[in-house]
1. Does segment 218-341 come out rounded, prolate or oblate, given a ≥ b ≥ c as the square roots of the eigenvalues of its C-alpha gyration tensor, rounded meaning a/c under 1.5 and, failing that, prolate meaning a/b above b/c?
2. Kindly put Y364, Y335, Y64 in sequence by how many other C-beta atoms sit within 10 Å of each C-beta, fewest to most.
3. How would K264, K129 line up from fewest to most surrounding beta-carbon atoms within 10 angstrom?
4. Per-residue counts of other Cβ atoms within 10 Å, averaged by peptide: what ranking do you get for 75-84, 143-152, highest first?
5. Using a ≥ b ≥ c from the Cα gyration tensor of segment 304-452 (square roots of the eigenvalues), is it rounded, prolate or oblate, where a/c under 1.5 gives rounded and otherwise the larger of a/b and b/c decides, a/b for prolate?
6. Going by average Cβ density within 10 Å per residue, which order do the peptides 162-171, 442-451 take, highest to lowest?
7. Select from P86, V187, A438 the residue farthest towards the positive end of the dipole of the chain; place +1 on Cβ of Lys and Arg, -1 on Cβ of Asp and Glu, and compute about the Cα centre.
8. So if I place +1 on the C-beta of Lys and Arg and -1 on the C-beta of Asp and Glu, and nothing else carries charge, what would the dipole magnitude of segment 26-80 be about its Cα centre? I want it in debye, nearest 20.
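Here, each number is a calculation from the coordinates, and none is a lab measurement. Keep in mind it's a predicted model, so treat the numbers as computed, not measured. Cβ: placed from backbone, ideal geometry, glycine included. Neighbour counts: every protein chain shown.
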Amino acid sequence: MNPSTAHTKFRFWPRSLATRTAMVVLVGLILVQIAGLTIHALDRIDIQRLALARDMAVRVAGIYRTVVMTPPPSRDAVLSEMRRGPVLEATLGPNRPSEDMPEMPVPLQRLFRVNLSLVPVGGAQYRWKEVVVLGGPAWHRIVFGLHLPEGDWLEVTMAAEPPRPWHSPTFLLAFVLMTIVAAGLTVWAVRRLVAPVQTLAAAAEALGRDVNAPPLPEDGPLEVATAAAAFNTMAARIRRFVQDRTELLTAIGHDLRTPITRLKLRAEFVEDDEQRGKMLADLEELEAMVSATLAFGRDARNTESVSPIDLAELLRTVLDEAGDARPDAVDRLSYDGPAHLTIQARSLSLKRALANLVSNAVTYGGSAHIRLVPPSDGMITILVEDDGPGIRPQDLDRVFEPFQRGESSRNRETGGVGLGLPIARNIVRAHGGDVALANRASGGARATVTLPA
Ligand SMILES: Nc1ncnc2c1ncn2[C@@H]1O[C@H](COP(=O)(O)OP(=O)(O)OP(=O)(O)O)[C@@H](O)[C@H]1O
Ligand SMILES: [Mg+2]
């Protein structure tokens, strides 16, 4: 299963680790809250019923006592006085009340019976013979039947209010407050826990741009510290590897210099003028390649520090210097862009990279037009354009490889050895940007440099 199908399958499953973790914890929190609320509600219902049962039992017992103590002829009158509409109704009858109601569940009946028996009614002769409690488990209407000592049945019907487990003004407020605080704490804690993952990603990104990027701090929770240490070890190995290669390159370049110098001396002894001239020219070319190689190695070991520089100023300087080197092209050099633009960069190496691009434009295109585009999406764009023949499409990919030169520039007059573009690309990438070459629709080549703002 590739990530995109996984993504469409769980469309509501967020991609970010922090959001996922927070979601799982919050769902857990909600479940716990629901369970807690249920327990709380059941508990309150129990307590309210207990109080209600007690209250009802006391009232029923009160009515019973009044009835027993009243002489039988006046009992009906007393009872009708006690009536309170549908909430309370009491009658006397010869039969055991049965109505259409079921007997109340035994555990609930016990609640009433216990309370009834606690209420004093006077001497033993006043005790009821038998008690019946009717009503469903919902307690909407409860019918009590009490068998009088004389034989009649006293029937008391009471309507009970349903229990209200949430009826507390502070409870809801406290609950909402608690939930908000818990949710806030969860989000905060998850963010803190996940932050090292983002740091690691940023460090990997920085290492990709610059092998000499500073190491990660190896502190924090155990797993994070271990990951940071592993990452630092890996970065150190990569650095070592790159360094070894560069040192090898410069060592070869360095060691070639002496034999070349010796050969140049020996070439002086060649009798044939033409042969001697050609040999010396070849040796000079070799020497140029060697010094370019050494410069390349120097750049790779670059330890210049990053500081704020005025990019617009730097570009104008590069153009001025190109004009000094090629006075014939001065009218065909131009700068277009803001007067000042400050960025964080290694001034010397960035200047070398841009100078290489400008020198190519002047050498192969006879002109150089620089355009500086202010930051958008966090990136600055620099365009170096010329009006020359451009680059053959099949060469576009190759020109960034070391020692690759276009067919047209094979002759020695143009100087280079084919390291200008690779060096420029190395430098710009070390700054977190990139260089690309393309042909313009109107003819000529265009180098596009992007740099982080
Ligand atoms: N603006 C351009 N127009 C046409 N061709 C170009 C342009 N820029 C570069 N090239 C081609 O790309 C090749 C590689 O350029 P690169 O700068 O790497 O080396 P170079 O200029 O030959 O030598 P140097 O090391 O002195 O810069 C060039 O030889 C040239 O053929
Ligand atoms: Mg060049």
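1. Numbers: a/c = 5.36, a/b = 1.34, b/c = 3.99.
Here segment 218-341 falls in the oblate category.
2. Details: Y364 19, Y335 16, Y64 23.
By the 10 Å Cβ count, ascending: Y335, Y364, Y64.
3. Details: K264 15, K129 11.
Least to most surrounded, the residues fall as K129, K264.
4. Numbers: 75-84: 13.5, 143-152: 16.8.
Going from most to least packed, we get 143-152, 75-84.
5. On the way: a/c = 1.57, a/b = 1.37, b/c = 1.15.
Verdict is prolate for segment 304-452.
6. Details: 162-171: 11.8, 442-451: 18.7.
For the peptides 162-171, 442-451, the packing ranking is 442-451, 162-171.
7. P86
8. Values: 6 positive and 4 negative charges, 35 e Å.
For segment 26-80, the charge dipole is close to 180 debye.
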